[in-house]
1. If I go through the range 166-184 residue by residue, how many of them are open to solvent by 10 Å² or more (accessible area, probe 1.4 Å) and hydrophobic (A, V, I, L, M, F, W, C)?
2. Taking the range 103-146, which residues are touching a strand residue (DSSP E or B) at 6+ places or on another chain (Cβ under 8 Å), open to solvent by 60 Å² or more (accessible area, probe 1.4 Å), of a type outside the set (Asp, Glu) and within 30 Å of Val30 (Cβ to Cβ)?
3. Among the residues of the range 307-330, which ones are among the β-branched types (Val, Ile, Thr) and closer than 19 Å to Ser109 by Cα?
4. Report the residue count in the range 8-49 for those that are open to solvent by 10 Å² or more (accessible area, probe 1.4 Å), within 24 Å of Gly128 (Cα to Cα), not β-branched (Val, Ile, Thr) and not in a loop (DSSP other than H, G, I, E, B).
5. So which residues in the range 38-53 are farther than 27 Å from Lys27 by Cα and either more than 21 Å from the chain's Cα centre (by Cα) or of a type in the set (Gly, Ala, Ser) (or both), if there are any at all?
6. If I ask for residues that are closer than 14 Å to Val294 by Cα and out of contact with any Asp or Glu (no Cβ under 9 Å at 6 or more places or on another chain), which ones from the range 373-384 would you list?
7. Look through the range 298-312, keep the residues that are among the hydrophobic types (A, V, I, L, M, F, W, C) and over 33 Å from the mean Cα position of the chain (by Cα), and return whichever of them is modelled with the lowest pLDDT.
8. Could you check the range 324-349 and list, in sequence order, the residues that are of a type outside the set (A, V, I, L, M, F, W, C) and under 29 Å from the mean Cα position of the chain (by Cα)?
Amino acid sequence: MPRIVMKFGGTSMAGIERIRHVAERVKREVAAGNQVAVVVSAMAGETDRLVQFCKEAAPLYDPREYDVVVASGEQVTAGLLAMTLQGMGLNARSYMGWQLPIRASGHASALIETIDVEVLERVFDDGGTAVIPGFQGVTSEGALATLGRGGSDTSAVALAIAAKADRCDIYTDVDGVYTTDPRIVPRAKKLDVVTYEEMLELASVGAKVLQTRSVGLAMRFGMPLQVLSSFEDLPGTMIVADEGKDMERNVITGIAHDRNEAFITLTGLPDRPGTVAAVFGPLADAAINVDMIVQSAPRAGVKSDLTFTVPKAGLAHAVDALEKMKDAVGYEDMLTDTDIVKISVVGVGMRSHAGIAAKMFATLAERGINIIAISTSEIKVSVLISEDYTELAVRVLHTAFGLDAPRDEVAA
């Protein structure tokens, strides 16, 4: 029998009526003869509410206790969906991360180590449907662990790989992957197919459809991944290994933006070996991801400045770690700013086309948008700009790279 993992996001689970709608979709797959495991997110807005409670309780909260709080949202929706499926006559049961178990290391942004699928195999052998809360696992010490924001995507893909599923379907509030956020650019186009590499870059620079780690897992293990709408029966977007001969037709696949960035500038850094290592070592120890890095080039004996970005959620912890190391690092002052956004252009065609960065910089300059920092990869160029220019930057770049859909194709 075909085996499918279905994952439903927060908007799909936002209230009993939507949970019933999800249950109907699950029942349809079961009726088609598929073995089904369902991974669910917390109701829309619930995780944000729980995170805010943690911040109010203690700005520098204990990550272990943070996991205890925020993991509760997915447990609620898993139980409610299992009840609803039972009411429809299905043999459904919810299983917490520790019941499978999903083994993970760390807290707040834990990494999945292994998933024991023996319980799932028994469920499938009995003709049952398993409902599993996303975003959570259990440490070797038996403590709850959460996988970071958007971690339900990673839960679903990892579960699909461990259970040797035929595919993993990610249901969201959009009907696929678009060239950019259609709420900002109404003429954005839905993509039928996106490569793993492109999706990985888009996810890493702000596209909210899939979590970065989930795409990386799918790419590593070759798991077929599909993005679909929870609310409409429309074709979705397939995430694939290779688009084939037509890959070079579109140089740029999409424009992404990420408001979840904060930058830190350390001024007056001494010009000596090991200074930069002394800055980033404490951040690594605190499990804080650093993204864009810009250092002024010092002359011999002259002090320099270092600017880098961290997730907004990790800013307080980053500042705390760096303040404790001020004497060891030797910086003079620390400045922070959260009113910034990262804008990125992504496309596999960049490998064989020159001038993408120049065109991006010129387009922004024409609109008077100043660039604070730049980072690149083989198929991506990202810039950091003031958050006030977010929508303008996305719109002009989308047009400049020829991504706008024809006007007669845009829904009224």
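1. Adding up the residues that qualify gives 2.
2. Those that are touching a strand residue (DSSP E or B) at 6+ places or on another chain (Cβ under 8 Å), open to solvent by 60 Å² or more (accessible area, probe 1.4 Å), of a type outside the set (Asp, Glu) and within 30 Å of Val30 (Cβ to Cβ): Arg103, Thr114.
3. Selection gives Thr309, Val310, Val319.
4. 11
5. Selection gives Phe53 alone.
6. Hits for the range 373-384 are Ala373, Ile374, Thr376, Val383.
7. Looking at the filtered set, the residue picked out is Ala300.
8. Thr336, Asp337, Thr338, Asp339, Lys342, Ser344, Gly347, Gly349
The values are calculated or read from the model by the stated rules, or taken from the named source; none is laboratory data. Keep in mind that what you see is a predicted model, and the values were worked out from it rather than measured. Glycine gets a Cβ as well: all are built from the backbone with ideal geometry, and neighbour counts include every protein chain shown. All accessible areas refer to the heavy atoms of the entire protein, side chains included, with ligands and DNA or RNA removed. Shrake-Rupley method; radii C 1.70, N 1.55, O 1.52, S 1.80 Å.
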